[in-house]
Amino acid sequence: MARLFISYRTVDGRDKATALARDLGELYGDQQVFLDKDDLRGGVRWRAAIGQAIADGPVLLLLLTPQLLAATGDDGALRISAADDPVRGGGGGAPAPPPPTAGASFAPAPSAPALPVRAAPGGGAPATSG
């Protein structure tokens, strides 16, 4: 079970998500990071597989790119407004950190054992197993 789930808009986020997954994999191990293009196998029902990965309670990392909210469908409507938009539905109750602000400083990355085993529903404190 991956404990970090990367959600992104493919049109402008795939390369950034791949780089982020690579960096997080170096920190925590590749098995701790879920990235659709690396973790979904051919022939699987991708929406169901992503839904299951989110149901496992990972920390959700939403990659903010210009097209995340601005992408439009064939009808010209914003994709994020569609009930079946995979980015919109990607939260699944996993906690998402707030976006950084200019001049923000960050604490050092936690060690792999410090990652939550299972995120609490509704974005509360991580639940632990055991």
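The values are calculated or read from the model by the stated rules, or taken from the named source; none is laboratory data. Only a predicted model underlies this, so the values are computations on that prediction, with no experimental measurement involved. Here Cβ is always computed from backbone atoms with ideal geometry, including for glycine, and neighbour counts include all displayed protein chains.
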Handout entry: the stretch 40-89: number of residues that are surrounded by 15 or more Cβ atoms within 10 Å (Cβ to Cβ), of a type outside the set (A, V, I, L, M) and in contact with a Leu (Cβ under 8 Å, 6 or more places away or on another chain)
Key = 1
Problem - Test: residue in the stretch 29-46 that is aliphatic (A, V, I, L, M), assigned to a helix (DSSP H, G or I) and modelled with pLDDT under 95 - result: no
Handout entry: Cβ-Cβ under 6 Å pairs, at least 6 apart or on other chains, the stretch 66-91 side of a type in the set (Lys, Arg), far side modelled with pLDDT of 80 or more and surrounded by 15 or more Cβ atoms within 10 Å (Cβ to Cβ)
Key = ARG79/ALA71; ARG79/ASP85; ARG88/ILE80
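When you check ASP12 against the structure, is it farther than 16 Å from PRO86 by Cα, of a type outside the set (Lys, Arg) and out of contact with any strand residue (DSSP E or B) (no Cβ under 7 Å at 6 or more places or on another chain), yes or no? Working first, answer last.
On the way: farther than 16 Å from PRO86 by Cα: no; of a type outside the set (Lys, Arg): yes; out of contact with any strand residue (DSSP E or B) (no Cβ under 7 Å at 6 or more places or on another chain): yes.
Spelling it out, it is not the case that ASP12 is farther than 16 Å from PRO86 by Cα, of a type outside the set (Lys, Arg) and out of contact with any strand residue (DSSP E or B) (no Cβ under 7 Å at 6 or more places or on another chain).
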Problem - Output for the stretch 17-59, where each listed residue is within 18 Å of ARG79 (Cβ to Cβ) and touching a Phe, Trp or Tyr at 6+ places or on another chain (Cβ under 8 Å) - result: ALA17, ASP36
Problem - Residue list for the stretch 1-28, filter: surrounded by 14 or more Cβ atoms within 10 Å (Cβ to Cβ) and part of a loop (DSSP other than H, G, I, E, B) - result: ALA2, ARG3, TYR8, ARG9
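Out of the stretch 21-39, which residues are touching a residue at least 60 places away in the same chain (Cβ under 8 Å), touching a Leu at 6+ places or on another chain (Cβ under 9 Å) and either among the hydrophobic types (A, V, I, L, M, F, W, C) or more than 14 Å from ASP56 (Cα to Cα) (or both)? Before you say what the answer is, go through the steps one by one.
Initial filter on the stretch 21-39 (touching a residue at least 60 places away in the same chain (Cβ under 8 Å)): 27-29, 32.
From the residues that got through so far, the ones that are touching a Leu at 6+ places or on another chain (Cβ under 9 Å) too are 28, 32.
Across the stretch 21-39, the qualifying residue is only TYR28.
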